[in-house]
Every structure is written in C-alpha cells, then in structure tokens.
Amino acid sequence: MIAKILINTSVKSLNKVYDYKIPDELLDKVQIGKRVEVNFGKSRTDNEEGIIVKIIQDSEYSGKYKLKEIISILDEISYIDEKRLKFAKYISYLYFCNVYDALKLMLPPGTKSKSSSKSINTKQDTIIKLKKSEMEIMQDIESNVITSPKHIRLLRFLFENDYVLQSDITDGLGISSAVINTVIKNGYIEKEKVDKKVDLLNEMQVERTNNLPPTDEQREAIRKINSYIFDEVYKECLLFGVTGSGKTEVYLQVIQSVINQGRKVVVLVPEISLTYQTVTRFISRFGNNIAVLHSKMTVAKRKEEYKRIKKGEVDIVIGARSAIFSPIENIGLVIIDEEHDSSYYSQTTPKYSTKEIARYICKENNAVLLLGSATPEISTFYKAKNGSIELIEMKKRPAGAILPDINLVDMKEERLLGNTSIVSRELKQEILKNIENKEQTMIFLNRRGYTSYLSCMDCSYIFKCPNCDVALTYHKNSDLLLCHYCSHVERNVVECPKCGGNKLSSSSIGTQKLEEELKSIYPNITTLRMDADTTVARDSHQKILDKFKNENIDVLIGTQMISKGHDIENVTLVGVLGVDAMLAINDYTATEKTYSNISQVAGRAGRGKKEGRVYIQTNDVSNYILDSVVNGDYEYFYNKEIEYRKIFSYPPFIDILMFEFVGRNMNEVKIEAQKLHQILQRDRVAEYKVFSPKAPYIQKINNKYRINVVLKTVLSTSTYKNIYSKLEEYNGVKKNNISMTVVKNPLFIS
C-alpha cells in the first residue's frame, strides 16, 4: 500500500505530494488526514512532518525508484477528509499559500509540529458497575456469603443504576474507596475509565434561561433570518443594530431554529469579546450543547473540545476566528458577531479573511451567514446597500432604554484656559459626580504603558528599540522600557546615551500614567486597568471585569479591550481620550477603525435603567467622524467614507494584493522586491496596476527589514491566473533567505 503525502514546507516548489510505502505494522493506523513522520532528503536524519492526502494500492514510481517508508503516525484521530482537502486547496489558491499551510488551520491546537505530537490525555472519570448479575448477588446476600452492611448497601444501590461515578459513591453514600476495592476484589463489581462529561452549566455556575419576548424589531429580524434557515439555502445577511439593541437575543433564537432542523451552528466573536458574560449567555440558553474555543484555553482543553466536536457531541461551536475551521459537520448557520473587528483578519500565513472563509463554508452547506455589528465594515455595508447581501436593521434599544448622550470636548480650549492635564475639566467633574452617586466610569485610551516614548530635551535623542524602528515605551511599575513589537526590554535610564544629559522628557501618556493621574486628582478613587500588560495571565481579562462589577470599582481604564461585549448596568459615564492620535495613523482604514472603536466604547454607557453620558476629548471638534459618532449616524459616516474609497481606489471598489518581503539584509530585501516588481510590470495587462517597492511605516521589526510591493486590481479568474504565472517566474529566481508572503486586501498599507 502507498500513501501520497504532502510535506510540511514553506518552499513553493515542494507544494506537491510524494509517494511513501506503508509498513505492515502501520496499515491499521493509516488514514487520510493523519500527520506522519517521513524521511525527506538525502540524509537519514532529514525527517519531516507530512499529511496523508490519498491511499493507493501501488505507485507509478515503484519500478523506477526505491520508495521510502513512513516512519511513524503522529495522530490518533484524523480531522482531515476529502472535503477538507478540497477546502484547503481553495484557501491555498485564494491566499497564495501552500496547501499544507491551509491544512494546519484545520488541525487541533498543539499539533503544529512533530515536537508537539505527543498525545494529551482526555480527562476521565472512574465509574463503578456490576460484574455479576443481580440474581447471583442476591443469592449470595440471602445465603450470607455477603454480610457487610456497607457491601450490601453499595450493591443494592448499583441494582438501581447501570453504573455510578466513584465520586458519587464516596461523596453521596459515604462509602470509602477501601470498601469499594474490597467488593471489586470479591468479584462483584468493577471499575472503568470513561471520558469526563462536560458540564458547563455547573462549571460556570450558570442557570438555564428561556427565550426573552422579542421587541418588534427583533421579531422582524428573527422572521427574516428564519425564512432563509427553513428554506435551507445559502444567504448572507447583515444584522445592523445599534449597541444594546438586542442582537444577541436574535442570535439565540435563530440558533434554536437551526438546532430544531437537526443542523449545527458556528458562532464567532472577536477574541477580545470572549468574556465570561458573552459565553454564559449562550450556555444559559443551550447548556452543555456548546463547545468553546479560544486562545486563552489550555492546549489540553482545546483538544478535548475538538474531540467533542468531531464526535458530534455538540450542536454549537462558539469561539474566536480559528473556530471557523473546527471539525463540525452539517452546518446550517454561521454567525460573525462584531463583524467589523480587525481580529477576523489573520496576520499569520495564510493571511485569510474569516468572512471570506465563512462564505465558502456556508455556500457548501446551503447555510445562512449572519454578520452582526453596530458599526459594520465599510465593504460589508456597501454590499448591503447595493443588495448583494440582506440588510436587517435594529435602531432601538429594548425596554425603552435610550442611547447615551455624547459630547465633544475641545482640548485646544482646555489648554487656553490653563488645563495641562490629559483629563478635561468637564470629564473631571463628571467622574466626581459618578463617584458621589456610586456609579461607575469607563475611560478609553488606546495606548498602554506609562508614556509612549522618552526623549532627551538637550539633543532630541529618542530612546528606540535596537531591533525595531519604533520608540521604546516606558512602564513605570516595572521601571522598564519595553518594545511592544519584539519584546526587547531595557532598564529605565536616567541620562541620555548620546549627550550624557539628564533632562529626559516623556511624550504622550498611556493607560498606566492615566491611572496615576486620576489617583492624584481623586485620592480616594478606586481604579482598575485593562490592557495587554494587565491581561497576560489566563482568565485575567474576566477577573478584572468581575472585580470592576462586583466590587463597584469607580473607574475602569483600558484600551480597546473595554469596548466590546461588556454589559454592566452601573456604568453611566464613558470618557474617550487619544482620538486624534488614532485618526493620525497613516492607513486607509484609520477613520473606519476610529469610528468603530469610539462608537463601541460609547455604547458601554447607560446599558441599564440609568442614562449614560459620553465625553470625547479632541483637538478637532469639527471632524465629520466625531460628528457622526455624536449623532449616532453611521450612514452619514459611511456616505462620506465610501466616496473617499471610490476616489482613491480602495476596497470595496478594488482589490489589493500586498507582496511583503522580509529579510535580515536590507539591500537583499530591496533587490528581491525590485525583481518581483519588474516581473509584474513586464507585459502587464490593463487589469491591474502595480506600484514601486516601498518600505512600510515601521521598516524594521526584530532585526528583519521589510519592503512591500502593492498591486491594485479586481480579482477574477483571469487576474489570478496572470498573477500566478508571474509568481512562478519570480520563484524561479528568488533568493531562499528572503521570505515573501502575499496579503489580500490588507488592513494596513503605509
């Protein structure tokens, strides 16, 4: 028997299958989709990982070459079948990556390499069950062969139950392990290990809930979505609802419709929103019929969840971006909540769009793709407006709740009046009012750390990372200068290394310094901070939120982590700082991201019965983006933004391919970028426009230099064919020490 194996390699020329003999001792373990270890190269030590993609009786190469044998099987279970192989080829074609890179997306966590192939034991319970028949045992009891009251009590208990958890016997009946072991030794009962049953309701201390009575808008949304679910046809819908309008209740009720049909559901939320509160709403409605997948879980736990999904034990998978690749079958609905969030775009190879992947899966399954957002991505709303996807709107909060009152604060005026603090006078007064009323405040500042950078006032030297083209960020608690790109660390310095001066100045502030400033203004204030520095440990994100809510902490300061998925009734005030810095980013999506971030965090105020207030600090109170936020008018913002996109040829009117070159030698990186640019320009047809090689805003990261070549086109079968032929030509002359990846419709182009 022969296995056709795809080798794990980033080399484009090796993106094909190779034939290997299957040893007799592995015949019963071999299966399509399992990873294997094979020798790939001239040396006996050149072992590589591969995936079996086909099994055949004989090879066309058997008579010509001596085929090597598979060394070992690395997986117990196969998560890849013919359908998924086809899916991987589609991803490979769409995102210009190797097929193996696409297949890795579909493997459970912890199976990225041979070194991690060691199996992780599933958690198991011990059960006790009868070994002899009830009649035999009763005869021994009646004939006084069994005389111990505890033994008899245990056996009679087992008469009434097929099997019982050992822990239930020891805890519930008060019978010790020693007694159980004696009865086992006497041959009446036996132990058996079984996979531990997941009990999310008990584990997360959640009570079951039922459907809430829908509002008129929710009822109409549910009716429309259900009509497509019942027809079992592919349909893409955008649920466009203001923050707090009840989109989650719509999700829950249409999910029930899918389950009633005998089909299954994938629910995707941004990683940042995978909080206890988000997950428990689904668990309270659907109990243990849910598998949860996200990066904060241990590898062992995620593997357990993958096994449950593969065995068909759950109808709903809820998770972050990668959950779209979980081995769930018979999908009837995919929900992408907060569909505008940038975390739905992968930043590692393959650099895919989750929405594009979900679209393919839904088409293959005749399923509904439901996108939800209060601030949809511009490209998504464009499709909804032109009728390519169904637009479903919800403009009101339920139960008469009203949207918060949003105010702009002119920081130019604040400085003219002598206020040098980062916090405006108005916001200070509102925070004090909330403290006195025992109401809570959230303050959004999308910059962690203490200060953004340190500089010398004598010679203007800026303390930069030696590995990256970025300034080091000062963190006061640890008294360290950190690089947020490569994690380089330096002890805080007291003098300039260039001129020896000790007049060091900090520029702009981060969440850490803001927290310090608030404590100096209000000495008795209680604060918490939520950013990348305070949420490193597992569950720290939820612990901070729980503490904020349960202990009625006065102020929660945070980056975009605080902007989504939190529904805390006592939060009545939101402050938004650092808006101008967000708008100044050199990126065509900067305005869209800023509008979304501000709108989302503003939506945290007034979620309960109390009215909410929002104060946005800016140097540009006339900015149309902020005007749109104040008026809660997304369409006004969209109409402005879509015109700019059209004028300057950006998505959704055009597709962008960005070819990223990375290497340790700057000149070599430039040469490689120029090579591809020349090939793309040669015999160029009118269907695409290619731009000269250009360094990004941050040219060096972790001692590797970067150059980009950008191409604009409308991607079609013919343009894909043309570009692939150009890439094949380039791959014939490229240097192996320079890596090149392709990003389709990147979120950031500097």
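Of all residues in region 475-487, count the ones that are touching a strand residue (DSSP E or B) at 6+ places or on another chain (Cβ under 7 Å) and under 15 Å from residue 702 (Cα atoms).
4
Restricting attention to region 582-592, does a residue exist that is in contact with a Lys or Arg (Cβ under 9 Å, 6 or more places away or on another chain), in contact (Cβ under 8 Å) with a residue 24 or more places away in the chain and farther than 25 Å from residue 700 by Cβ?
Yes, that holds for at least one residue.
Does region 648-665 include one or more residues that are in a helix (DSSP H, G or I) and at pLDDT below 95?
Among the residues of region 648-665, not one is in a helix (DSSP H, G or I) and at pLDDT below 95, which makes the answer no.
Limited to region 444-462, what total is found for residues that are at pLDDT 85 or above and in contact with an Asp or Glu (Cβ under 8 Å, 6 or more places away or on another chain)?
0
Of 146, 175, 184, which residue is surrounded by 12 or more Cβ atoms within 10 Å (Cβ to Cβ), within 14 Å of residue 132 (Cα to Cα) and either of a type in the set (Gly, Ala, Ser) or in contact with a Lys or Arg (Cβ under 8 Å, 6 or more places away or on another chain) (or both)?
Of 146, 175, 184, the one residue that is surrounded by 12 or more Cβ atoms within 10 Å (Cβ to Cβ), within 14 Å of residue 132 (Cα to Cα) and either of a type in the set (Gly, Ala, Ser) or in contact with a Lys or Arg (Cβ under 8 Å, 6 or more places away or on another chain) (or both) is 184.
One line per residue, one yes/no per condition, for (1) buried (at least 21 other Cβ atoms within 10 Å of the Cβ); (2) touching a helix residue (DSSP H, G or I) at 6+ places or on another chain (Cβ under 8 Å):
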| position | (1), (2) |
| --- | --- |
| 415 | no, no |
| 421 | no, yes |
| 428 | no, yes |
| 433 | no, no |
| 437 | no, no |
| 441 | yes, yes |
| 445 | yes, yes |
| 454 | yes, no |
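Tally the residues that are more than 12 Å from residue 1 (Cβ to Cβ), part of a loop (DSSP other than H, G, I, E, B) and touching a Phe, Trp or Tyr at 6+ places or on another chain (Cβ under 7 Å), restricting the search to region 19-72.
Qualifying residue count for the region: 3.
Given (1) of a type outside the set (S, T, N, Q); (2) modelled with pLDDT of 90 or more; (3) surrounded by fewer than 19 Cβ atoms within 10 Å (Cβ to Cβ), identify the lone condition not met by residue 301.
All conditions pass for residue 301, except number (2).
Exactly one of (1) modelled with pLDDT of 90 or more; (2) assigned to a helix (DSSP H, G or I); (3) in contact with a helix residue (DSSP H, G or I) (Cβ under 9 Å, 6 or more places away or on another chain); (4) not aliphatic (A, V, I, L, M) is unmet by residue 278. Its number?
(1)
Which residues, taken from region 304-343, are among the hydroxyl-bearing types (Ser, Thr, Tyr) and either surrounded by fewer than 21 Cβ atoms within 10 Å (Cβ to Cβ) or in contact with a strand residue (DSSP E or B) (Cβ under 7 Å, 6 or more places away or on another chain) (or both)?
Of everything in region 304-343, those that are among the hydroxyl-bearing types (Ser, Thr, Tyr) and either surrounded by fewer than 21 Cβ atoms within 10 Å (Cβ to Cβ) or in contact with a strand residue (DSSP E or B) (Cβ under 7 Å, 6 or more places away or on another chain) (or both) turn out to be 322, 326, 342, 343.
Considering each residue of region 210-229, count those that are surrounded by fewer than 21 Cβ atoms within 10 Å (Cβ to Cβ) and either charged (D, E, K, R) or within 19 Å of residue 359 (Cα to Cα) (or both), and give that number.
The initial filter retains those residues of region 210-229 that are surrounded by fewer than 21 Cβ atoms within 10 Å (Cβ to Cβ), namely 210-217, 219-220, 223-224, 226-227.
When the remaining residues are screened for being either charged (D, E, K, R) or within 19 Å of residue 359 (Cα to Cα) (or both), the result is 216-217, 219-220, 223-224, 226-227.
Of the residues in that region, 8 qualify.
Starting from region 717-732, take each residue that is assigned by TED's automatic domain parsing to the domain that holds residue 678 and list its partners that are in a helix (DSSP H, G or I) and of a type outside the set (Gly, Ala, Ser), counting only C-beta distances under 6 angstrom and pairs at least six apart or across chains.
726/679; 726/680; 729/679; 730/676; 730/679; 731/12
Condition first: assigned to a strand (DSSP E or B), among the aliphatic types (A, V, I, L, M) and farther than 18 Å from residue 671 by Cα. Now tell me which residues in region 685-710 satisfy that.
Within region 685-710, 701 is the sole residue that qualifies.
Only residues that are of a type in the set (Phe, Trp, Tyr) and closer than 17 Å to residue 529 by Cα: list them for region 466-489, please.
Result: 474, single match.
Can you name the residue in region 672-687 that is surrounded by fewer than 19 Cβ atoms within 10 Å (Cβ to Cβ) and of a type outside the set (A, V, I, L, M) and, of all such residues, is nearest to residue 644 (Cα to Cα)?
687
Being surrounded by 18 or more Cβ atoms within 10 Å (Cβ to Cβ) and among the aliphatic types (A, V, I, L, M) narrows it down to one residue among 714, 733, 669; which is it?
None of the others qualify; the one that does is 669.
When you look at residue 331, is it touching a Pro at 6+ places or on another chain (Cβ under 6 Å), farther than 19 Å from residue 567 by Cα, among the aliphatic types (A, V, I, L, M) and modelled with pLDDT of 90 or more, yes or no?
Details: touching a Pro at 6+ places or on another chain (Cβ under 6 Å): no; farther than 19 Å from residue 567 by Cα: yes; among the aliphatic types (A, V, I, L, M): yes; modelled with pLDDT of 90 or more: yes.
Judged against the criteria, residue 331 is not a match.
Taking region 590-619 as the search range and keeping residues that are at pLDDT 90 or above and outside any helix (DSSP H, G or I), which one is farthest from residue 406 (Cα to Cα)?
This residue is 619.
Please specify each residue of region 665-721 satisfying the condition of being within 24 Å of residue 736 (Cα to Cα) and polar (S, T, N, Q).
665, 667, 674, 678, 681, 692, 699, 702, 703, 708
Which ones in region 169-181 are in a helix (DSSP H, G or I) and under 10 Å from residue 154 (Cβ atoms)? First the steps, then the outcome.
First, pick out the residues of region 169-181 that are in a helix (DSSP H, G or I): 169-173, 177-181.
Matches in region 169-181: 169, 173, 179, 180.
If you go through region 230-282, how many residues are crowded, with 23+ Cβ neighbours inside 10 Å, more than 27 Å from residue 313 (Cα to Cα) and aliphatic (A, V, I, L, M)?
2
Take residue 571 and decide whether it is β-branched (Val, Ile, Thr) and modelled with pLDDT of 90 or more.
Taking the combined requirement at face value, the residue satisfies it.
Here are some residues: 84, 35. Which one is over 30 Å from residue 738 (Cα atoms) and under 33 Å from the mean Cα position of the chain (by Cα)?
84 is the lone residue from the list that is over 30 Å from residue 738 (Cα atoms) and under 33 Å from the mean Cα position of the chain (by Cα).
Limited to region 578-636, what total is found for residues that are surrounded by fewer than 19 Cβ atoms within 10 Å (Cβ to Cβ) and of a type in the set (D, E, K, R)?
Residues flagged as surrounded by fewer than 19 Cβ atoms within 10 Å (Cβ to Cβ) and of a type in the set (D, E, K, R) within region 578-636 amount to 9.
What is the residue count in region 472-496 for residues that are free of Cβ contacts under 8 Å to residues at least 60 places away in the same chain and assigned to a loop (DSSP other than H, G, I, E, B)?
14
Can you name every one of the helices (runs of 4 or more DSSP H) wholly within region 360-451 that holds 3 or more residues which are among the charged types (D, E, K, R) and closer than 27 Å to residue 569 by Cβ?
Helices (runs of 4 or more DSSP H) meeting the threshold: 425-436.
Take residue 444 and decide whether it is among the aromatic types (Phe, Trp, Tyr) and under 30 Å from residue 610 (Cβ atoms).
Spelling it out, residue 444 is indeed among the aromatic types (Phe, Trp, Tyr) and under 30 Å from residue 610 (Cβ atoms).
Okay, residues lined up against (1) surrounded by fewer than 21 Cβ atoms within 10 Å (Cβ to Cβ); (2) of a type in the set (A, V, I, L, M, F, W, C):
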| position | (1), (2) |
| --- | --- |
| 529 | no, no |
| 548 | no, yes |
| 551 | yes, no |
| 567 | yes, no |
| 572 | no, no |
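The values are calculated or read from the model by the stated rules, or taken from the named source; none is laboratory data. On a predicted model such as this, the values are computed, not experimentally measured, just so you know. Every residue, glycine among them, receives a Cβ derived from its backbone with ideal geometry; neighbour counts consider all protein chains shown.
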